[in-house]
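One structure is given below, encoded as structure tokens.
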Amino acid sequence: MAFLLTPTGKPLTHSSVGRSFPVSSNFRNGSMVLSYRKLPPVVCSCSTSSMDSCFFLSSVANFSRGFCGLRLWILQKLKLINHERKQGYGMKYKELVVQAKDRAPDPLETPVSLSSEEAINEGVSARGLLKETTLSNEHAVSIEEVSSSSSQVSASSVIPDNPDSPLGSHSATLPMDYFNYISKSNRVPSLSIAVIGATGELARSKVFPALFALYYSGFLPENVGIFGYSRKEMTDEDLRSMILGNLTCRVDEQQNCGAKLDAFLSRTFYLNGGYDNQEGMTKLNSRMVHIEGDYEANRIFYLSVPQEALLEVATSLAGNAQARRGWTRIIIEKPFGFNMLSSSHLTQSLQSKYEENQIYRIDHLLGKDLIENLTVLRFSNLVFEPLWSRTYIRNVQVILSEECGVGTKGRYFDGYGILRDIIHSHVLQTIALFAMEPPVSLSGEDIRNEKVKVLRSIRKLELDDIVLGQYKNSTTDNNVYFDSLTPTFFAAALYIDNPRWDGVPFLVKAGMGLIKHRGEIRIQFHNVPGNLYRESVGHNVDLATNELILRDAPDEAILVKVNNKVPGLGLQLDPSELNLLYKDKYNVDVPDSYEHLLLDVIDGDNHLFMRSDEVEAAWKVLNPVLEEIEKNRVAPELYEFGGRGPTGAYYLGARHGVRWADD
Ligand SMILES: NC(=O)C1=CN([C@@H]2O[C@H](COP(=O)(O)OP(=O)(O)OC[C@H]3O[C@@H](n4cnc5c(N)ncnc54)[C@H](OP(=O)(O)O)[C@@H]3O)[C@@H](O)[C@H]2O)C=CC1
Ligand SMILES: O=C1O[C@H](COP(=O)(O)O)[C@@H](O)[C@H](O)[C@H]1O
């Protein structure tokens, strides 16, 4: 039996020694082999700030997100400001709808006879003549109307594929060319959004609610069609009932809630793809064509399926369900591969079917304000950018801790662990956005060009630079122990070997089953040289360290820690926080990050999505240490569920001259 080693290579003296851990996953002959092992499903009332309920629509227990007035207004303004940089035309949709409303319908554009589903689509366009805010039940198409017609769809309406091109006869088109085309034909292309894996947890809890939130707030075109796809025997009605409980309206606009909900559901359809995705995608295409009518239509496919199914689904869809007259974009979920090799296999396979700019690798953390603020703060203020380097910054800490255990994520988490689930994209993308040089513009490619340089400059990790942890059995899971080495905690010291960041430790910490839900980036500045107030500061100069804190959880905030004179006679310094707490400043709930990112996909804005070279560069940082961990079967340090995590993380900080600032 191999020795169990600590991450520093020393034999483990922990109570876990003696347990025998088979390596739970590997990659053979170009395909991933995962053996899932049981993780304890820790049940705890983990509330995320983004899941507060705004308005309950149905009696079904509802974890809805809120998204109210001012935040919506800000988002709309920002979107308008960013209008010019958008690669796609999502926001122009609304303008075009308005233009189209102003024009008399072109009889040449109207099909001679419409199926009832096409008629619904037409009806929706016609209803566009009404102001969105006056949409009422009277105008909404009833679900029954749609259901009764939907069963009559025949496969004969499938448009044949072009075998010469992976993109079909219309590749992802240049938005402006396409625009001209649209305005010539006087018709706004419709948008079809298909959620593949519609019955899964992610689709139900995040994707459909985000789509409805966008629809409700007017961010989706009125002729949108929503399609759910999986292998289960279900009807349109079943899907609608299944997602209904998670759909909510904005508190400030609830007067139209029922009508909007009806309208959204009437555009939501289910397709049972069966066990052959080639056939399934052909059927889906047929259904989409039927709903879209014989017009230009853009398509988004959200692949919310297990990683094992991803390639097969993506390939089947590429050949059978891409838009023929409009663009197609696919969204894929992390983890992006299991290791360097499987990831590069995945990338190559996807690129043989899709153009890179069709692929949106989604990581929901990147849709949070915390992340967007990294660039906003730095590049729209004078006071931060001059300090953004090793000259002034002593260390950077990225902290993502969750109170919850693995819970229902156990299905895929145990095969992957926290490095692949959280570090590969969440953390490395955060560091890349934080540390990049100023991009030429805010365009997706310019930003991604800068991010990838940072990722390539990160020093590859060694075992000595990391700490692995696993939470012990909790009181809620009846003494069930993990029977794998899967880490639920990871900490590391990263270095970026470039002139701006040489020698600055980037300390990262991510874990589950910890004392506090926290998501923040903390930037600690150097101590003041020759500080005139050193006597007032006292011995613990760390307390007087200036800090900039960007926080997502527990409450969204931007804080700057400064030294301030305590009011009164005498001279006493007090490290205080300049505090921009969102909930105090803005009377709004923050939208879920899936809304933000889905809107970006519609707009063709890919700056928050990883490009394939970024995925590869991130693997180069992690792959060597992952191989070491697996080769040596490094055992994670056990920690108490609900505690502060492994003590190893404190030693790690100390070795790099850093004191964790979140304690
Ligand atoms: N849940 C989460 O919070 C997160 C999930 N992810 C990623 O998102 C993806 C989905 O996760 P999650 O929703 O939790 O998974 P689930 O297992 O809950 O759902 C998977 C869905 O995919 C469908 N499906 C499975 N196999 C196939 C197939 N061969 N062809 C077509 N459809 C298939 C399933 O339905 P049916 O069996 O009926 O076909 C089901 O609808 C995973 O890749 C995961 O890594 C990433 C981050 C967070
Ligand atoms: O992507 C993921 O993030 C969640 C944490 O998301 P949050 O929005 O609640 O902070 C994490 O639980 C999950 O394992 C991971 O895949």
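With 10 Å bins beginning at zero, the pair-distance distribution over Cα atoms of the stretch 506-585 amounts to 16, 38, 31, 14, 1 %. Put simply, the C-alpha atoms of the stretch 337-484 give a gyration tensor, and the ellipsoid matching it has half-axes of 31, 23, 15 Å, longest first. Taken one residue at a time, the phi angles of the stretch 566-572 give Karplus couplings (6.51, -1.76, 1.60, θ = phi - 60°) of 5, x, x, 6, x, 10, 10 Hz. Gly and Pro are set to x. A simple rule links phi to the HN-Hα coupling: the Karplus curve 6.51 cos²θ - 1.76 cosθ + 1.60 with θ = phi - 60°, which for the stretch 367-379 gives x, 8, 4, 3, 7, 4, 5, 4, 7, 4, 4, 6, 9 Hz, with x for Gly and Pro.
Approximating the spin labels as points 7 Å out from Cα along Cα→Cβ, the residue 515-to-residue 569 distance works out to 4.0 nm.
Between the amide H of residue 227 and those of 193, 194, 195, 269, distances stay under 5 Å, these residues lying 5 or more places away or on another chain, with hydrogens modeled in the peptide plane. Each residue, residue 581 and residue 462, gets one label point 7 Å from its Cα in the Cβ direction; the gap between the two is 4.4 nm.
Please state the shape class of the stretch 570-663: rounded when a/c is under 1.5, otherwise prolate if a/b exceeds b/c and oblate if not, all from the C-alpha gyration tensor.
Values: a/c = 2.15, a/b = 1.04, b/c = 2.06.
Judged from the Cα gyration tensor, the stretch 570-663 comes out oblate (a/c at least 1.5, b/c at or above a/b).
Using the Karplus relation 6.51 cos²θ - 1.76 cosθ + 1.60 with θ = phi - 60°, the per-residue 3J(HN,Hα) values for the stretch 274-291 come to x, 8, 10, 5, 4, 5, x, 5, 5, 5, 4, 4, 4, 5, 5, 4, 4, 6 Hz, with x marking Gly and Pro.
What are the equivalent ellipsoid semi-axes of the stretch 342-381, built from the alpha-carbon gyration tensor (square roots of five times its eigenvalues), in whole angstrom, biggest first?
31, 11, 8
Say R0 is 22 Å: what FRET efficiency, to the nearest 0.05, do residue 312 and residue 238 get from their beta-carbon distance? The computed FRET efficiency comes out at 0.35.
Spin-label model, residue 531/residue 357: points 7 Å from Cα along the beta carbon direction are separated by 5.1 nm. Listed from fewest to most Cβ neighbours within 10 Å, the set 612, 536 follows the order 536, 612.
The numbers here are math on the coordinates, done by the rules we state, and not lab data. The structure displayed is predicted, hence computed values, not measured ones. Backbone-built Cβ (ideal geometry, glycine too); neighbour counts: all protein chains shown.
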